[in-house]
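Accompanying notes for the structure given below.
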Amino acid sequence: MSAKKPSGRRSVQVEGKIPGSAQSAAERRSAEAELRTLIDQFAPAHLRLISAMRKSLRKRLPAAQEVVYGYRAWFVISYSPSGHGYEGVLAIRGDANGVKLYFNQGKELPDPERLLRGSGGLVRSIEVEAVSALARPAVARLIDEAIARSHVPFASSGRGSVIIRSASTKQRQRRNAPIRS
């Protein structure tokens, strides 16, 4: 009797599935189609840029989970070591006005060229007009530093999933929740 070795490869995970469970090619196509619908809804002019950014970030973080949230006027793809978007180190945000790369711990990153924008408590971003921006040495250093400072380590092998989360539904539920005093 021989033990079957896991391939270390994970495919698309649609919300509601148990993390790590085997996914079919149909489920993979379904999650990618849902993500494309979000992109088409909020940033159709930026579809190629977002696809190229995803490819570039996947190359750097092959085991990262792409946790996708759709909001009223934009979408976010968080690159997380787990299925939780809040543990992500980088995120792509797209809307009708453009595409940004967010650094979830951006305030803590060394940024001698002052590329990062934002005034919040932690998160900073850069505007991305072409995927070549990710290859600029200063941006590449920011990305590398963000990955190195991740509070939760990324898997060293395997293939991450695409996890579709519906932030809009959660927002509606909170908005319609009864007020307790």
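Things worth noting here:
- Per residue, the average separation of C-alpha pairs within less than 8 Å and at least 6 apart gives the stretch 25-166 a relative contact order of 28 percent.
- Amide proton proximity set for Val99, modelled H, under 5 Å, gap of 5+: Val128
- At R0 = 35 Å, FRET efficiency that the Cβ-Cβ distance of Arg117 and Ser156 yields, to 0.05: 0.65
- Spin-label pair Ala148/Lys59, simplified geometry with 7 Å Cα→Cβ offset, distance in nm: 2.1
- Our analysis of the stretch 25-166 gives Rg over Rh at 0.94, with the two radii drawn from alpha carbon positions and Rh computed by the Kirkwood formula.
- Scanning residues 5 or more positions from Ala63 or on other chains, those with amide H under 5 Å from its amide H are Gly160, with H placed 1.01 Å from N in the peptide plane.
- Per-residue Karplus couplings for the stretch 43-52, computed as 6.51 cos²θ - 1.76 cosθ + 1.60 with θ equal to phi - 60°, are listed in order as 8, x, 5, 10, 4, 5, 4, 5, 4, 5 Hz, Gly and Pro entered as x.
- With R₀ fixed at 22 Å, the C-beta to C-beta distance from Asn97 to Arg36 puts the FRET efficiency at about 0.70.
- Close amide H contacts of Leu90 (hydrogens built in the peptide plane, cut-off under 5 Å, sequence separation of 5 or more or a different chain): Tyr79, Asn104.
- Within the shell defined by Cβ-Cβ distances under 9 Å, the residues around Ser125 carry a net charge of +3, with Lys and Arg each +1 and Asp and Glu each -1.
Computed from the coordinates by the stated procedures, all read-outs in this text should not be read as laboratory data. Bear in mind that the values here come from a model prediction, so they are computed numbers and not experimental data. Positions of Cβ are generated from backbone atoms using ideal geometry, with glycine treated the same way; all protein chains shown enter the neighbour counts.
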